[in-house]
1. So for segment 130-146 (the condition being over 21 Å from Glu54 (Cβ atoms), of a type in the set (Gly, Ala, Ser) and surrounded by fewer than 16 Cβ atoms within 10 Å (Cβ to Cβ)), does at least one residue qualify?
2. Which numbered condition trips up Thr70, out of (1) surrounded by fewer than 18 Cβ atoms within 10 Å (Cβ to Cβ); (2) within 22 Å of Gln141 (Cα to Cα); (3) under 14 Å from the mean Cα position of the chain (by Cα); (4) of a type in the set (Ser, Thr, Tyr)?
3. With the checklist (1) crowded, with 19+ Cβ neighbours inside 10 Å; (2) under 22 Å from Thr70 (Cα atoms) in hand, flag the one item Asp99 doesn't pass.
4. Test Asp122 against the stated conditions and say whether it is open to solvent by 20 Å² or more (accessible area, probe 1.4 Å) and in contact (Cβ under 8 Å) with a residue 40 or more places away in the chain.
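The values are calculated or read from the model by the stated rules, or taken from the named source; none is laboratory data. The shown structure was predicted, so the numbers you read here are calculated from the model rather than taken from an experiment. FYI the Cβ positions are ideal-geometry reconstructions off the backbone, even for glycines, and counts take in every protein chain you see. Note: accessible area is taken over every heavy atom of the protein model, side chains too, but ligands, DNA and RNA are not part of it. Shrake-Rupley method; radii C 1.70, N 1.55, O 1.52, S 1.80 Å.
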Amino acid sequence: MNRPRSVLAAALLAGVLALASCAYTVSLDAAAEAESPLCANASVRLPETIGDLERRWTDAQATGAWGLPTAVVFSCGLEPPAPTTLQCVTIGGVDWIVDETDTPNLRLTTYGREPAAQAYIDTTVVSADEVLGVLSTAVQQLPATGECTAPDVETGQQDAPTAGDGDGR
């Protein structure tokens, strides 16, 4: 005779658990090639933590997020970027193009990997070097198709100096 109450209690508990798990889900858009088996291979290797930041659930394929509030967002399946004059760094055997447009947040996109991956990092919370060092194991699963190169200096011309760069390169 208490069966309706136990069914109702179980249904309410299931609803509360579902709402609690959704409260921490990060809503993201999947990249165009997120369904690639290569992205799946990288995604299963994403770390559970980056520094003190715990991984959070996301609602888009081939993505990851860390921190509450979110300080790091990762996405795989982007179109590989064309050559650029933006700074390129190599960390953990992976080349990354550094976009400082949203400083102190950095957008770092793999260069010479297909499909490309991207990390968006709040550098007031965690260092980009730490994030890329941890993500490199996963990103190394994406096939390398090229690499960053140094500027062509054989012509004798130098690039214009940038802020904080005394040698013009």
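1. yes
2. Against the list (1) surrounded by fewer than 18 Cβ atoms within 10 Å (Cβ to Cβ); (2) within 22 Å of Gln141 (Cα to Cα); (3) under 14 Å from the mean Cα position of the chain (by Cα); (4) of a type in the set (Ser, Thr, Tyr), Thr70 comes up short only on (2).
3. Among (1) crowded, with 19+ Cβ neighbours inside 10 Å; (2) under 22 Å from Thr70 (Cα atoms), Asp99 violates only (1).
4. yes
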